[in-house]
Amino acid sequence: MKKILSVLTFAMLLISFATSTIAQRKISEGFIQMEITEISSDDPTMNSMLGFAKNMVTTMHFTKEKSLVTVNVMGGMFSTKTLTNFETSETLMLVDAMGQKYAVKTDNAESIENIGKNNSNIIIDIDKSVTETIVGIKCFKVVISNPDQPDMKMTAFCTKEITIEAKFIKQLDPALFPGFPLKFSFSFEGMNITYEATKFENSFDKNILNLSTDGYDMLTQEEIEKKMGGLGKMGF
């Protein structure tokens, strides 16, 4: 179970990294819902425990100025809301972990200077001859791998219609990443997960971008890292 949760956490954070970076897009605002559509393990015993993982849902609301990424795991027992202000580079994250509520404010400016420094070995293979239409948007195939992590491989279907602003990417050099992923599959330590956009709307109620910290304990970056077992170091 611990291994499953760690892989799901990786997937959840990856979604947050990717979707909190939307800016300067042809699609200037909208709502995207992404879900785990496939999940399996090479371990038959672990396979029987993966059913709950399909309840993990990610929703993204974005405009030119802000984005809100909401992730719910296990029917909301664990959830995060990450609000990013593109104009100020500030991020507000709200965490609800089985009734324990924490809030963290961060400034992404320092991370901007380190973009791409740890990704020199990443290999990006783009094949625009292979396409899929996902929630009405045409996407092309991208395979991402790293010789330093031979057990991990990602296949994504990306679109140029929604672009990514370089300075907000924390974990992947945006000069190499060719578009916004509406579907991606990755394998990690014998587990295989596919995330896919299942819904897209080009408008939404902007009031959802107004988050309140009432009832949440405000923590520092260091404090949330301790509370979350080091998850904060992955980019929050």
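The values are calculated or read from the model by the stated rules, or taken from the named source; none is laboratory data. Just so we're clear, the structure is a prediction, and the values are computed from it rather than from any experiment. FYI the Cβ positions are ideal-geometry reconstructions off the backbone, even for glycines, and counts take in every protein chain you see.
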### Task
Please identify the pairs in which a residue from region 70-94 that is in a helix (DSSP H, G or I) has its Cβ atom under 8 Å from the Cβ atom of a residue that is of a type in the set (Asp, Glu), counting only partners at least 6 apart or on another chain.
76/96
### Summary
Looking across region 99-138 at residues that are at pLDDT 80 or above and at positive phi, the single one that is surrounded by the fewest Cβ atoms within 10 Å (Cβ to Cβ) is 99
### Task
Give region 185-236 a look and list any residue that's small (Gly, Ala, Ser), modelled with pLDDT of 85 or more and under 18 Å from the mean Cα position of the chain (by Cα), or say none.
185, 197
### Task
Identify the residue in region 165-184 that is of a type outside the set (D, E, K, R), closer than 19 Å to residue 135 by Cβ and within 13 Å of the chain's Cα centre (by Cα) and, among all such residues, is modelled with the highest pLDDT.
182
## Note on the structure
Scanning region 186-231 for residues that are without any contact (Cβ under 8 Å) to a residue 60 or more places away in the chain and closer than 30 Å to residue 143 by Cβ, the one surrounded by the most Cβ atoms within 10 Å (Cβ to Cβ) turns out to be 187
### Message
Quick test of your reading of the structure: residue 72 fulfils all but one of (1) farther than 20 Å from residue 209 by Cβ; (2) at pLDDT 85 or above. Name the failing condition by number.
### Response
(1)
